[in-house]
Amino acid sequence: MFFRALTAAFLLASPAFAAPLALTPADPQPKPSELASGLAVAYAYPGEVRTIQAANSALGKARKGRPLRGLSYQDNNEGDKTLTAKTGTKVAAKITGYIRFDAPGTYKVNVISNDGIQASIGGKEIAFNDGIHGCEPAGVTEVSVPVAGWYALDATYFQRKGTACLEMDWNVGGKTGAVPDTAFAYKK
């Protein structure tokens, strides 16, 4: 909860230093009948993983995992499984799908992870926090959403040992909070 409060304060107080990243909507937009709730994920279980580069290398041998409900996995307890993986440690994950923005406009997004994360939305990198670290924010990214709809989401995540978390916050209508799981989908 401390990191969510810290992230909320940062999202509300951070000044805009650069122009928002202009996101590109999925084209074509996926049909509702093609989508399932959550995000697709594939896992690899390398002997050692300390960087995004090592995770990407291990993901060459990834196997499809049980879909994620979204990006709302708060810091767990040591020994708990990471996301929907088979284990809690030495996990690399490739996460794909879509995020839905219900209205055009400028949004502030932040990804919180333990350990490394590299994520993009609509073709633009919105988070990069490499290496071994506790559950911490990658930093706020301001994005420009030209039209309401679905935007491709792609992420590489890894967890080495200890506790794990993977969350995404956004600022919508002046309110900061977790992106609801209902905003995520993947192709069946």
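No value in this document is a laboratory result; all are computed from the given coordinates. Keep in mind it's a predicted model, so treat the numbers as computed, not measured. Heads up, the Cβs are rebuilt from the backbone with ideal geometry, glycines too, and the neighbour counts pull from every protein chain shown.
A few remarks follow.
- Some residue of segment 73-80 being free of Cβ contacts under 8 Å to residues at least 24 places away in the same chain and either in a loop (DSSP other than H, G, I, E, B) or of a type in the set (Lys, Arg) (or both): yes
- Residue-level check: of (1) closer than 20 Å to residue 42 by Cα; (2) of a type in the set (A, V, I, L, M); (3) out of contact with any Gly (no Cβ under 9 Å at 6 or more places or on another chain), residue 109 misses just (1).
- Test: residue in segment 139-156 that is under 17 Å from residue 75 (Cα atoms) and touching a helix residue (DSSP H, G or I) at 6+ places or on another chain (Cβ under 9 Å): no
- Residue check, residue 78 within 14 Å of the chain's Cα centre (by Cα), acidic (Asp, Glu) and surrounded by fewer than 17 Cβ atoms within 10 Å (Cβ to Cβ): no
- Consider segment 44-72 and keep the residues that are in a loop (DSSP other than H, G, I, E, B) and of a type in the set (A, V, I, L, M, F, W, C). The one that is farthest from residue 115 (Cα to Cα) is 62.
- Residues that are surrounded by fewer than 20 Cβ atoms within 10 Å (Cβ to Cβ) and either under 14 Å from the mean Cα position of the chain (by Cα) or of a type in the set (Gly, Ala, Ser) (or both), drawn from segment 85-99: 88, 96
- Here the condition is being over 11 Å from residue 157 (Cα atoms) and touching a strand residue (DSSP E or B) at 6+ places or on another chain (Cβ under 7 Å); of 58, 19, 44, 93, it holds for 58 alone.
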